[in-house]
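S.K.: This structure is in structure tokens; I'll ask about it shortly.
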Amino acid sequence: MFSEFFLVFWLILLGEEIQCLKDVEIEIEPTIVQRGGTSTLRCSYDLQGSPLYTVKWYRGTSEFYRYTPKEHPSTKTFSFNGVNVDLLHSNEHQVVLRDVGFNLSGKFSCEVTADAPPFSTKTASEDMLVVVLPNDSPSLGTDKSFYDIGDVLRANCSSPPSRPPANLTFVLNNIVVCAKCNTIKTPVGELFESELSLGLPLFESHFHNGRLTLKCVAKIGDLFQQDTEITFDNARDPVPARVTANNFSSANSTSKIVSMILLLMFTSMF
């Protein structure tokens, strides 16, 4: 008899919990934010007529902001390195963070508690990523100003410091080359500089209408993509063909002069 009463009691409490708080959701705008920028964290919920007890915000497991309508002041902040809450624009439904740093990359949670028995609590979470994108397109350089079949195309590409680091790819006449080459990522303070080198023996198949177009592409996921290219218009040097034609003309002139000398010598004998 007691156990049945106990079960009914808890079923009633569970029913009240479902009815008094639902649809807790979090939205971070933007979820990917430039270091030093601003991000707004919004928390929506349906109290279904019950009063709000409190809304708590966490970065990981550390609470950094709390809204309690029955307290004065209703807002309270807690120390967390890198968190700068804009209290003027923060309330029971949102928290505005300014001058965000890299240590804020990670999970944020919104915990909502309804002020009615049994004081039900629900939590929603979302991730934020703090980045620094390259401030320019990649730099591309080669060891020669023109190339021919049999030459080795040597090139170097580097991307300005960023975080996360950029991945670099060489593209020759719209075909990816050095696909298995690893981008070297060198720390520069809190950022990373990317660099990639190429040493490619050139065959006839590499040329397109006697032209080479080398491109370096810098990419960071779906956040950033820029490229720099160099086109070698004189990839196949046409000079040898012209030299051959000039040599042929000189030989004909020399032959005419020799023929005239022989003719004069032959004439003087008579």
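Since every read-out is calculated from the coordinates, none of them should be taken as a lab result. It should be emphasised that the depicted structure is a prediction, and the values quoted were computed from it without experimental measurement. Note that each Cβ is placed from the backbone with ideal geometry, even for glycine, and that neighbours are counted across all protein chains shown.
S.K.: What is the calculated FRET efficiency for LEU87 to ASN174, with r their C-beta to C-beta distance and R₀ = 35 Å, to the nearest 0.05? Intermediate results must be reported in sequence, preceding the final value.
M.R.: Numbers: r = 54 Å, r/R0 = 1.54.
Taking R0 as 35 Å, the efficiency between LEU87 and ASN174 is 0.05.
S.K.: For the charge dipole of region 139-232, defined by +1 on Lys and Arg C-beta atoms and -1 on Asp and Glu C-beta atoms about the Cα centroid, which residue among PRO165, ALA218, PHE207 has the Cα displaced farthest towards the positive pole?
M.R.: Of PRO165, ALA218, PHE207, it is PRO165.
S.K.: Turning to a different aspect of this structure: For the residues SER50, SER125, SER162, what sequence is obtained by ranking on other C-beta atoms within 10 Å, fewest first?
M.R.: On the way: SER50 17, SER125 11, SER162 22.
The fewest-first ordering by Cβ neighbours comes to SER125, SER50, SER162.
S.K.: Under a crude label model (7 Å from the Cα following the beta-carbon direction), how far is ASN156 from SER137 in nanometres?
M.R.: Label-label distance for ASN156 and SER137, simple model: 2.1 nm.
S.K.: For TYR65, which sequence-distant residues (separation of 5 or more, or a different chain) have an amide H within less than 5 Å of its own amide H, given hydrogens modelled in the peptide plane?
M.R.: Here the answer is TRP57, PHE78, since their amide H atoms fall under 5 Å of that of TYR65.
S.K.: For the pairs LYS180/LYS215; LYS144/LYS185; LYS107/LYS185; LYS56/LYS122, flag any whose C-alpha to C-alpha distance is greater than 20 Å.
M.R.: Working: LYS180/LYS215 16 Å; LYS144/LYS185 26 Å; LYS107/LYS185 26 Å; LYS56/LYS122 11 Å.
Exceeds cut-off: LYS144/LYS185; LYS107/LYS185.
S.K.: In whole Å, how far is the Cα centre of region 93-144 from that of region 20-46?
M.R.: Each part reduced to its Cα centre gives a spacing of 9 Å.
S.K.: Moving on to the next point. If you place +1 on the Cβ of every Lys and Arg, -1 on the Cβ of every Asp and Glu, and leave all else neutral, what size is the dipole of region 139-232 about its Cα centre, to the nearest 20 Debye? Don't jump to the answer; show the numbers that get you there.
M.R.: Working: 8 positive and 10 negative charges, 24 e Å.
That gives region 139-232 a dipole magnitude of about 120 debye.
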